[in-house]
1. Could you work out what % of the accessible surface of region 467-715 is carbon and sulfur, using a 1.4 angstrom probe and leaving DNA, RNA and ligands out of the count?
2. With a Cα-only, solvent-free Debye model of region 477-602, what are the log10 I(q)/I(0) values at q = 0.15 Å⁻¹?
3. Give me the mean projected area, in nm² to one decimal, of the convex hull enclosing the Cα positions of region 101-257.
4. Take the Cα radius of gyration of region 9-158 and divide it by 2.2 N^0.38 Å, with N its residue count; two decimals is plenty.
5. With charges only on Cβ, +1 for K and R and -1 for D and E, what is the dipole size of the chain about its Cα centre, in debye, rounded to 20?
6. State the answer as a single residue: which of GLN459, ASN447, MET431 lies farthest towards the positive end of the charge dipole of region 430-496, with beta carbon charges of +1 for Lys and Arg and -1 for Asp and Glu, about the Cα centre.
7. Could I get the Rg over Rh figure for region 306-452? Both from C-alpha atoms, Rh via Kirkwood, rounded to two places.
8. My understanding is that a pair violates if its Cα-Cα distance is over 22 Å; which of LYS296/LYS396; LYS28/LYS252; LYS323/LYS442 do that in this structure?
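The values are calculated or read from the model by the stated rules, or taken from the named source; none is laboratory data. Because the structure is predicted, anything quoted here is derived from the model rather than measured. All Cβ positions, even for glycine, are placed from backbone atoms using ideal geometry, and neighbour counts span all protein chains on display. Ligands, DNA and RNA are excluded from the accessible area calculation, which covers all protein heavy atoms including side chains. Shrake-Rupley method; radii C 1.70, N 1.55, O 1.52, S 1.80 Å.
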Amino acid sequence: MSNRQVQAYFLLVIILLTVVTLTIFNYKSSKEFVQETVKKENRLLLDNFTDETNKFSNERVAELELIADYIALLKTEEDIVQFLKNQREKMPFFSSLGFITPEGEVLAGDGSRFKVNQQESFDRALQGELVFSELFPYYQDSTQLVSAVRIPVFQDGNIIGVLSGVFNMGNLVGAIASDSNLPGTLYLFRENQVIFSNSNHDFETAVPNGSQVLSQINAMGQGTIIIDENKAHYVMYQHTSGGWTFVVDSYKEKTVQQISSIFWRNTMIVVLAIIFLCSILYYLKRNEQREENMLKRDLLTNLPNRVVLEERLKKGLNPQNFKRFTLYFINLDRFKDINERNGYQLGDRVLFETSRKIQAFAGKNELYRVGGDEFVLLVPAHSEEELRTRGLELVKLMEVPIELSSTESMWVTFSVGIRKSQLGDWPDLMMQDATFAVQEAKKQGGNRFVFFSQELANQNERVRLIANNVVHALANNEFFMVYQPVYDLSTKNITSYEALLRWKSPTIGQVSPVEFIPLLEESDLIIPVGKWILRQVTAQLNRWEAEGHEDFQVAVNISVRQMMHPDFLHDVKSIIHEANISAQRLIFEITETVAVQNSELANQILTELNNLGVKTALDDFGTGYSSLSILKILPIQQLKVDRSFIVKMELEEDKSLVILQGILDIARNLGMTTVMEGVETLEQLDLLKNMGAQKIQGFLISQAVVAELAIELRKQTWLH
Ligand code: C2E
Ligand code: MG
Ligand code: MG
């Protein structure tokens, strides 16, 4: 996981935690708000009712006191009854009014007389107390529970009886309750008996553990009993002065719903936040995977890349679960040229089509694209024969040209290096060996497969050794020049020498330029070394001139890279100038690859050289494309036919003879001189003479030798 991803995840976790915390906080505070509101509303309700009841009681007491005062003035019982009857009609709150004689006889306002009930309250009133009696069924309607206010009636400081006013508190509370919008269920208790309730249910069933709750309600004051805080379910009570107890059951379906909706709303927020964050996480994860895929897959062919191959090889080569397999390293031939000549877009198309072909061939076997034009195919171990067949089939895939469009197709080939796995291998070694094999296949001309062998490894080891050492050769003065004569068959004279570079390494010994020149070219060291060669040769020419040897030329091999370098012409001019020699004494040998790279520029440079007086020769003709058209494109005065031609000529006589004859004729017609390279035997010489060859160079005349010996050769006479 990258740093950026860790940060993103961290941020998401923080956001989630914040959302959850805020929602919990919001849920709690909203719930608390509802609970507080419920408590407040119900407490207010209780207060109201208590106030009302107290007020009512006080008013009734005040009224009764007035009546009592008046009764004290009356003489007869009849007067009292009559008076009470009158008062009863004016006071609708009292169900009845009565005067109780000290003997306990009730003189009711309706004229009836009966023995006093609720003896205790009567006794206490007779003692001078103001008493609210316990409840009792109203004698005119026994379903009504009523209470009586009893106050003593004084006459001249003596109690002459008790005034009793019966009233129904339930009716009164009911009347107030019906007018108000009660937040909870109201119960009016008196001595644990419900006098009034605005609910159809009795307290014990409406409130869980009702009777237990009731017993918790104290005889005095007020209080709150929490039944279920989560549902804002409380029982609140308050006692009034007249012995009444108001109880409110706060439970309301609506409140519970409100709280649960707060809960669900907040849960929803958290769930939504989680879903939202999960989507972001999913998106990030997918992006991460895509990025990882991009790191592991090649975009053009969608094949797994080198990173994946390395992991796969590591696993496959692990000694614990080692299973033999074979690696086919596939590399397109001259892909660089395809790219440079046709552009990268077409190059990509070629790669894509090639990869499709290989993919179809690979089937279930693993295929990787490990570099620009490099593919690796892994197959389970097979016999050498099978691997060979497979290699052949693989190479044959490219026999059919690649279709680039409906009208365009291109013939592309590739080389294959085959490396079998061994116990104890490691990925880098396998890849390196396979690369050696593929390079060898390319060296052999491409469009073929080569098995990796120890010999190949040794060769490569040598290449590595040479590459490491050659970089110091110039500075360490390890280079020197030798000269090989070119002999003119008609004049029987040495008409020129070819200057050839030699390197004697103190560690490796004598190394052939065939081995080290390509390495110098790869590392661009050929530029300084090329200049050094030119200086050596021109200085030698100068010395020879001084010694009087003037009637021959010296050919210098010029690498393509060296020639294409922007400073080349300038360097050539100044070196010739410095050496104080005539440019006419120089021949520059170039290979036909110059024309392949940039024929226009090559033409310019060669023309410029010709203008200076330097002759130009096409070297190694017959090894590369061997296109005769190049002779028309470039200003070249000499054609050097490669040694391989002579070898071939001797092997498959007829065809090569005809071709060589053709080349010689064309060159002569174009006004070029020809030099046959690598003539070693008199037989070869005879053949060439018959064909009209002009000049020869080869061991038959002499090997390349140091300047002093080379000049000596001129004194000898050959081939007479
Ligand atoms: P080249 O320019 O074609 O040089 C001719 C090569 O053929 C020389 O090999 C020479 O020794 C060899 N040769 C000549 N006659 C015979 C023969 O009868 N039989 C056989 N088997 N070989 C013969 P050498 O010196 O090893 O050079 C190899 C190549 O290295 C040269 O091929 C040239 O391409 C390159 N090279 C050599 N010296 C220089 C140089 O100073 N600069 C550059 N750029 N390349 C050089
Ligand atoms: Mg040459
Ligand atoms: Mg040559």
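1. Within region 467-715, the accessible surface is 51 percent carbon and sulfur.
2. Reported log10 I(q)/I(0), two decimals: -0.77.
3. Averaged projected area of region 101-257's Cα convex hull equals 11.1 nm².
4. Scaled against compact globular proteins, the figure is 1.88.
5. Roughly 1780 debye for the chain.
6. Projecting each Cα onto the dipole axis, the largest value belongs to ASN447.
7. Rg/Rh for region 306-452 comes to 0.98.
8. Among LYS296/LYS396; LYS28/LYS252; LYS323/LYS442, the Cα-Cα distance tops 22 Å for LYS296/LYS396; LYS323/LYS442.
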